[in-house]
1. Using Cα-only point scatterers and the Debye equation, what is log10 of I(q)/I(0) for the chain at each q in 0.10, 0.13, 0.20 Å⁻¹, rounded to two decimals?
2. To check you understand DSSP bridge types, tell me what percent of the beta bridges within the chain (both residues inside) are antiparallel, rounded to 5.
3. Counting only pairs 8 or more residues apart or on different chains, how many lysine pairs in the chain have their Cα atoms under 14 Å apart?
4. In what sequence, highest mean first, do 145-156, 15-26 appear when ranked by Cβ atoms within 10 angstrom?
5. Name all residues of region 133-172 having a backbone nitrogen under 19 Å from the label point set 7 Å from the Cα of residue 38 along its Cα→Cβ direction, giving them as ranges.
6. When the accessible area of the chain is computed with all protein chains present and a 1.4 Å probe, what percentage of it is carbon and sulfur?
7. Keeping all protein chains in place, calculate the accessible area per residue for region 6-113 (probe 1.4 angstrom), answer in Å².
Amino acid sequence: LDNQIHGKRVGFGGSVTLHEMQLYELLSKHNTVFWHDKKPEHMTIAETRTAASQSEIYVSSVNGISEQGEIINIDNTGNRVAAISYGPTKVYLVLGENKVEKDYDTALFRARNIAAPLNAKRLNRKTPCAINADKCYNCKSSERICRNLSVLWEKPTGADYEVILIEESLGY
C-alpha cells in the first residue's frame, strides 16, 4: 500500500489492524491521511471522520469475513461502514488471517462476540461485554459500540475494492 498510494487524500477507519501495521505513519509521509485516532489539531473528531469518508481512498479492516467472501463490520457511529459502502473511489480492506471464518454465521459470531467486546474493552466502555471481553450481551448501554451492522455480499457499485489478506494475526 505504501508503494501504491502517493499524493492522495486517504481516509482510515477505526482499526487496530492498521495501527499494528503502522500504516498511518507510512502513508502520511506522502499523502494527506485522515484518521480520527490521529486527528489534526485544527479538526474535531467528527470533522476528521467526515474528511476520511470523503477521501479519494479509504483504508479499513473488517471484523469478519467468510470463506465465501461475505464481509462483516460492526460500528458505533457508522463512519467506517458508511465510507466502506459509499464515497471513496478506491477502498482497501486489510485483514489478518485470524478474521477469516468458514461461513457467514461464524463470521457474524466473530464480529459480535470477539471483535466488538475486545474493542469495547480497549475503548474503556462501560458495557457488559467490556468487563470480560468474552461475548456480546446485547446490552442497551448508552456506551454500546455495536450500533451498526454492515454485510457486503458483493462489491458495491461505484468504487474499486481490494481485499488484502495478511498471513498473520492482526487486530481483533
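1. At q = 0.10, 0.13, 0.20 Å⁻¹ the computed log10 ratios are -0.35, -0.61, -1.42.
2. 25
3. 6
4. Averaged packing, sorted descending, gives the order 15-26, 145-156.
5. Of the residues in region 133-172, 170-172 have backbone N under 19 Å from the label point off residue 38.
6. Within the chain, the accessible surface is 49 percent carbon and sulfur.
7. On a per-residue basis, region 6-113 sits at 44 Å².
The values are calculated or read from the model by the stated rules, or taken from the named source; none is laboratory data. Just so it is clear, the model here is predicted, and its values are computed rather than measured. Counting neighbours? That spans all protein chains shown, and the Cβs are built from the backbone with ideal geometry, glycine included. Heavy atoms of the whole protein, side chains included, go into the accessibility calculation; ligands, DNA and RNA do not. Shrake-Rupley method; radii C 1.70, N 1.55, O 1.52, S 1.80 Å.
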